[in-house]
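Working notes, beginning with the structure itself.
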Amino acid sequence: MTRNYVMLIALAIMSISNGFSQKISDENKYEFGLRIAPNISWVTPDSKSIDANGISLDWNYGFTVSRYINERYAFGTEINVVNVTSKFKFDKVYLAKSDNSAKGFADDLSMTYNLRYLQIPILFKMRTNPINGGKLRVYGEFGMGLGFLIRSKIDVSSSVVKVDNMDAQNPDAADNFNIQADSISAAYKKSVNFFNPSFIIGGGIQYDLFSNTKVYTGLRYNGGLMDILYEDKWAATNSFTSLSFGIIF
């Protein structure tokens, strides 16, 4: 068994070494492209007082650039606008509008955070040689995404308070309300953390159309690494899987 593992590792090292020995011309070192991707997003709570409340269909789009170090391996980055919906439901809490127009206990509170990030992935990319000498390749990628919050809106539903499209960071006075454990406790914070890093892994297929123009499609998983909620007593990460469609020039 140990011998088999050694042989597999040796074959992997030989494959990577062969890939790095394949030189690439200066005119093909850089690739630029555009991508669009519908994505399914969800939250993973790490606090007993909140629960996930389903998945959502969102979308993202952006500009891509890759710098190939040889024919098969490259470093890449992107500038993406990423929309992620994070749905939560809460245990029994006390709710009170800021103008005292509504207040009381509710055990049916749900909050949907509609978040938008400017994401800059940093990726290592791999691709096969053309399959059977044709125009089709298989590719893989992994790395890290750096997400910066640019929009955060909340839809709130409960038997006591209902608010649509409330700004999570700076709510209007007419929309604002408090979430408390009881009528005398301090209010929980409803805002969202600015920075949202994620682990990225994905793969798919790429097809050479003509000259340096290519199209591709593939799956990409973004796994959240940090808590998205500003409130210390609530903890949750958001993640999403996207189906990418892109063109490379």
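Each part reduced to its alpha carbon centroid, the range 212-231 and the range 104-169 end up 7 Å apart. Think of each Lys and Arg Cβ as +1 and each Asp and Glu Cβ as -1; about the Cα centre, that makes the dipole of the chain roughly 840 debye.
Candidates SER211, SER185, LEU118 compared by Cα position along the dipole of the range 95-228: farthest toward the positive end lies SER211, with charges placed on Cβ. Bridgeable lysines around LYS89 (alpha carbons under 26 Å apart, same-chain partners fewer than 8 residues away excluded): LYS48, LYS97, LYS103, LYS153, LYS162, LYS189, LYS190, LYS233.
Label point 7 Å out from ASP175 along Cα-to-Cβ: which residues of the range 207-249 have amide N under 17 Å? Label zone hits: 230. Sequentially through the range 49-59, phi angles give Karplus couplings (6.51, -1.76, 1.60; θ = phi - 60°) of 8, 10, 9, 5, 10, x, 10, 9, 9, 10, 7 Hz, Gly and Pro residues having no value and appearing as x. Think of each Lys and Arg Cβ as +1 and each Asp and Glu Cβ as -1; about the Cα centre, that makes the dipole of the range 134-225 roughly 460 debye. Summing charges over all other residues whose Cβ lies under 15 Å from the Cβ of VAL93, with Lys and Arg as +1 and Asp and Glu as -1, gives +3. Checking every one of the trypsin sites (Lys or Arg not before Pro) in the range 179-248 against DSSP loop status and a limit of 16 other Cβ atoms within 10 Å picks out LYS189, LYS233. Within a straight-line Cα-Cα reach of under 24 Å, LYS135 can be paired with the following lysines, leaving aside sequence neighbours fewer than 8 residues apart in one chain: LYS23, LYS29, LYS125, LYS214. Axis of helix 2-21 versus longest Cα principal axis of the chain: the two differ by about 80°, to the nearest ten degrees. Between THR217 and LYS48, the C-beta separation translates, for a Förster distance of 41 Å, into a calculated FRET efficiency of about 0.55. Estimated from the Cβ-Cβ distance and a Förster radius of 35 angstrom, the FRET efficiency linking ASN165 and PHE142 is about 0.45.
FYI, it's all coordinate maths here, none of it is from the lab. Being a predicted model, the structure only gives us computed values, none of them experimental. Using ideal geometry, Cβ is built from the backbone for each residue, glycine included, and neighbour counts are taken over all protein chains shown.
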